[in-house]
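Sharing a structure with you now.
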Amino acid sequence: MLFMLLAFGALTDATAAHAAADADAYYTLAKAALGLAPVLERPPSVATVQTLALMAIYEGMCGGENAIEATWAVMGIATKLAQS
């Protein structure tokens, strides 16, 4: 979740010249950190669900042509994991 918070901070920093590149780097790190622990093998932690929800919001804000579809898919995964 820390990497997603850093991604949003970098994305909304009006003073940084390369904020989008920094935000994308933090977003990539967040995806990699989620891959370290198998999400589907055990009940997810609250932090995992929160991270996925933040990733969905980030996709909606920064995604390209398929932003709505990616947001919907990631938020759907977060919702299903929250129910388990």
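Can you give the local net charge around T28? Use residues other than it whose beta-carbon is closer than 14 angstrom to its beta-carbon, Lys and Arg +1, Asp and Glu -1.
On the way: positive: K31; negative: D22, D24, E59.
Charge balance in the 14 Å sphere: -2.
Any idea what Rg and Dmax come out to for the chain if you just take the C-alpha atoms, in Å?
13.0, 42
Carbon-plus-sulfur fraction of the accessible area of the chain, 1.4 Å probe, in percent?
66 percent
Which whole-number percent is the relative contact order of the chain (Cα, under 8 Å, 6+ apart)?
The value is 27 percent.
Rounded to the nearest 500, what is the 222 nm mean residue ellipticity of the chain from helices alone, with -39500 (n - 2.57) per DSSP H run of 4+ residues and division by all residues?
Roughly -24500 deg cm²/dmol at 222 nm, from the helical runs in the chain.
With a cut-off of 8 Å between alpha carbons and a minimum separation of six or more residues, what is the relative contact order of the stretch 42-84 in percent?
It rounds to 49 percent for the stretch 42-84.
Counting other Cβ atoms within 10 Å of each Cβ, which chymotrypsin sites (Phe, Trp or Tyr not before Pro) in the stretch 1-72 have at most 12 and sit in a DSSP loop?
Values: sites: F3, F8, Y26, Y27, Y58, W72; in loops: none.
Passing both the DSSP loop test and the Cβ count: no residue.
If you add up the charges near A10, with Lys and Arg at +1 and Asp and Glu at -1, over every other residue whose beta carbon is less than 12 angstrom from its beta carbon, what do you get? Working shown, then result.
Numbers: positive: none; negative: D13, D22, D24.
Summing Lys/Arg as +1 and Asp/Glu as -1 gives -3.
The values are calculated or read from the model by the stated rules, or taken from the named source; none is laboratory data. Because the structure is predicted, anything quoted here is derived from the model rather than measured. So basically every Cβ, Gly included, is an ideal-geometry build from the backbone, and we count neighbours across all protein chains shown. Calculation scope for accessible area: heavy atoms of the full protein, side chains included, ligands and nucleic acids excluded. Shrake-Rupley method; radii C 1.70, N 1.55, O 1.52, S 1.80 Å.
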